[in-house]
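Scroll down for the structure; my scribbles are underneath it.
The values are calculated or read from the model by the stated rules, or taken from the named source; none is laboratory data. Predicted model, so just to flag it, every value in this text is computed and none were measured. Ideal geometry is used to build each Cβ from the backbone, glycine not excepted, and the neighbour counts take in all protein chains shown. The accessibility values were calculated without ligands, DNA or RNA, using every heavy atom of the protein model including side chains. Shrake-Rupley method; radii C 1.70, N 1.55, O 1.52, S 1.80 Å.
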Amino acid sequence: MRITRLETFLIKPRWLFLKIHTDAGVFGLGEPLLEGRALTVQTAINEVEPYLIGKDPRHVIHHWQAIYRHAFYRGGPILTSALSGIDQALWDIKGKLLGVPTYELLGGPTRDRVRVYGRASTPDDIKKRKSEGYTVIKTGLAHEHPANIVENPRFIKHAVDSFAALRDAAGPDMDIGIDFHGNISPQTAKVVIKELERYQPMFIEEPCQAQNADVMADIAHGTHLPIATGERIFTKWGFRELLEKKAASILQPDLCHAGGITEGRIIAGMAEAYYIPIAPHNPMGPISLAAGLQLAASIPNFLVQEQVSLGEGYLKTPFKLQKDGTVLIPQGPGLGIELDEDLIKDKIGHDWKNPESYNFLDGSVVDW
């Protein structure tokens, strides 16, 4: 069996889908996405394609090593996002060839369902999510303008009062994570976290930019609330430093960025040694969700799975939210999904770009 072709599709709203074709008529699906850099990752896929053509797709880990290590300059979000999508697709092919879900190839299921979370920004939103069955919600830090490096009491009060209203609407039995999106300075994040402690959020996600693990560790050591991060960390080497410095107590590797299912399983194993759970990051499409479910089904230290699309309008059989706020693990071979080619015809192509954010007072660049 040999790989014959790699095919990519820009898919609305901002995604990139990959098909790896073989001479046996079996193809694998992957989502090699980096938000706002879809064309760049598409080019990276094209550059890797000559290596894969003619190779046996079943040698998944061998290909991961070759693609990663034969690049003189290793890592970085472009290369690892391309590699992630390829890895997903190769696991999909292997599972299809053997007639089993990918998680069976990783040791079998550790659970029969996967807890997922929805999103809410207002009390009405959270009541609606609760009525739909969600038991976990993620929200953002409410603010009227991009945060200054050091913020005033009005900014802090608005952010905390907004979260308090969500907690009141949700009640004590719903878990609510709050995402700072890495656009709050450490100076302000510390103050906000202290004020949020009495409302017991499930986690504080990306309280600041995660590139300096020492700063993240300083924040994590100053609160009893769980600190979550990982969406902008790549490969086992990036997560090693977070673990060693105790900079987070929940890891959120993105299987479209961090190295795919292969690397996600390794990161989970490393985290288990530190009693840290995995909550895969996924603000992307249904292929990414399918990969996350395969990982969640195969590791012991899974916490919750992010999702923004259960696959309606993209998959022949979308995932279904159960009454207990979970999604059942896929039973089909490989990733356990089939694209609905007819439904995605009108979703081909996009030009999504990252937002540009500026300080409201002086026009300087701020994180979005």
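Check whether at least one residue in segment 122-129 is of a type in the set (Lys, Arg) and within 26 Å of Phe239 (Cβ to Cβ), and report yes or no. Walk me through how you get there before you give the answer.
Our first condition is that a residue be of a type in the set (Lys, Arg); within segment 122-129, this holds for 127-129.
Retained after the next criterion (residues that are within 26 Å of Phe239 (Cβ to Cβ)): none.
No, segment 122-129 contains no residue that is of a type in the set (Lys, Arg) and within 26 Å of Phe239 (Cβ to Cβ).
Could you list, in sequence order, the residues of segment 108-121 that are open to solvent by 50 Å² or more (accessible area, probe 1.4 Å) and over 19 Å from Pro283 (Cα atoms)? Matches in segment 108-121: Pro109, Thr110, Arg111, Asp112, Arg113. For segment 269-297, filtering for residues that are crowded, with 24+ Cβ neighbours inside 10 Å and not in a loop (DSSP other than H, G, I, E, B) leaves 14. Would you please name the residue that is surrounded by the fewest Cβ atoms within 10 Å (Cβ to Cβ), looking only at residues in segment 124-166 that are more than 17 Å from Glu197 (Cβ to Cβ) and basic (Lys, Arg)? Out of the qualifying residues, it is Arg154. Of Asp324, Asp367, Asp342, all but one fail to be outside any helix (DSSP H, G or I), modelled with pLDDT of 95 or more, in contact with a Gly (Cβ under 8 Å, 6 or more places away or on another chain) and open to solvent by 60 Å² or more (accessible area, probe 1.4 Å); the exception is Asp324. Residues of segment 298-313 that are in a loop (DSSP other than H, G, I, E, B), open to solvent by less than 20 Å² (accessible area, probe 1.4 Å) and in contact (Cβ under 8 Å) with a residue 60 or more places away in the chain: Ile299, Val304, Gln307. Before we move on, is Ala71 in contact with a helix residue (DSSP H, G or I) (Cβ under 9 Å, 6 or more places away or on another chain) and free of Cβ contacts under 8 Å to residues at least 12 places away in the same chain? Taking the combined requirement at face value, the residue satisfies it.
Could you tell me whether segment 186-199 includes any residue that is modelled with pLDDT of 95 or more, part of a loop (DSSP other than H, G, I, E, B) and among the hydrophobic types (A, V, I, L, M, F, W, C)? No; the residues of segment 186-199 include none that is modelled with pLDDT of 95 or more, part of a loop (DSSP other than H, G, I, E, B) and among the hydrophobic types (A, V, I, L, M, F, W, C).
Screening segment 1-54 for strands (runs of 3 or more DSSP E) wholly inside it with 2 or more residues that are open to solvent by 30 Å² or more (accessible area, probe 1.4 Å), under 21 Å from Ala290 (Cβ atoms) and without any contact (Cβ under 8 Å) to a residue 24 or more places away in the chain returns no ranges. Looking across segment 55-86, the residues that are in contact with a strand residue (DSSP E or B) (Cβ under 7 Å, 6 or more places away or on another chain) and either under 22 Å from Phe234 (Cα atoms) or buried (at least 20 other Cβ atoms within 10 Å of the Cβ) (or both) come down to Pro57, Gly85, Ile86.
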